[in-house]
Amino acid sequence: DVDNYDNSLRTSNAVKYVSPNWAGLQVEGLYGFSNLAGTTGQGQTWSGAVAYNNGPLGLAAGYFYSSNPSAGRGPAWNSPSSDSLFDGPINNGYTTAHSIGIARAAAQYAIGPVTVGASYSNAQYAPDGNSAYSSTQKYNIGNAFVNFQATPALLLGAGYTYEKASGDTSAKYHQASLGADYSVSKRTDFYAVAAYQHASGTQATYTTNAAGQTVRVDQAAQASIGSYGYAGTSNQELVIVGIRHKF
């Protein structure tokens, strides 16, 4: 989940503003304080977004930024204002990044029971002198999906994601997914998701050398679906079934 599309990141020490809805237009902003004395600007998180929804059309765009303090930085992301997006081999080689910046734009359109949508995001993991790498790692990700409300209780969906890494290492990822959700009541539903991902190229990881130092090395790209964090070979399949009850 290199661009937080799964919404797997949490921001602490934060204040957030969400505007009223002005004829379908809404804006919001967030700032997470670092609480680090004497290091203003290090460890902070901020973001802003705008959305427009009018009838069947939905548009949105946003930007997210988080910084990693220099002091005591090791092979783990340690920002005091936001936790980690490092949940798999696709980006685990960049936990020493100085900052993460993510821009995203998306659109969807409903035609009766069918909703189609697409999005694009650019995620950049920028280093500084304390990082274990020297060139900004960039991820460009495109998504497309179609959902079909087959009945009031049954929702079906299919999606495709293409991701390309560049800058420090270069890898490509193709992922296709299918899903279904069936509501048995207002509070309870059953769901199933299946996905397949293929990876090619190289990605970064960490290892310990003979001197006991943590160093970054390259490896063949491993597939890793979503924010589940399971490393695979160049191919990975994932199936999830579950029941959800809301209290």
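The values are calculated or read from the model by the stated rules, or taken from the named source; none is laboratory data. In this text, all values refer to a predicted model and were calculated from it rather than measured experimentally. Glycine also receives a Cβ, built like all others from the backbone with ideal geometry; neighbour counts cover every protein chain displayed.
A few remarks follow.
- When Thr40 is tested against the conditions (1) hydroxyl-bearing (Ser, Thr, Tyr); (2) at pLDDT below 85; (3) surrounded by 14 or more Cβ atoms within 10 Å (Cβ to Cβ), the lone failure is (3).
- Any hit, region 206-215, residues being surrounded by 15 or more Cβ atoms within 10 Å (Cβ to Cβ), of a type in the set (S, T, N, Q) and touching a residue at least 12 places away in the same chain (Cβ under 8 Å): no
- If only residues of region 65-76 that are touching a Gly at 6+ places or on another chain (Cβ under 7 Å) and assigned to a strand (DSSP E or B) are counted, the one that is modelled with the lowest pLDDT is Ser67.
- If only residues of region 4-48 that are among the polar types (S, T, N, Q) and either at positive phi or assigned to a strand (DSSP E or B) (or both) are counted, the one that is farthest from the chain's Cα centre (by Cα) is Asn35.
- Of Val146, Val193, all but one fail to be surrounded by 17 or more Cβ atoms within 10 Å (Cβ to Cβ) and closer than 30 Å to Leu57 by Cβ; the exception is Val193.
- Residue in region 147-163 that is over 15 Å from Asn4 (Cα atoms) and touching a helix residue (DSSP H, G or I) at 6+ places or on another chain (Cβ under 9 Å) present: no
- Test set (1) in contact with a strand residue (DSSP E or B) (Cβ under 7 Å, 6 or more places away or on another chain); (2) closer than 19 Å to Gln175 by Cβ; (3) surrounded by fewer than 20 Cβ atoms within 10 Å (Cβ to Cβ) - Ser99 fails condition number: (2)
- Qualifying positions in region 77-107 - part of a strand (DSSP E or B) and either hydrophobic (A, V, I, L, M, F, W, C) or out of contact with any Phe, Trp or Tyr (no Cβ under 8 Å at 6 or more places or on another chain) (or both): Ser82, Ile100, Ile102, Ala103, Ala105, Ala106, Ala107
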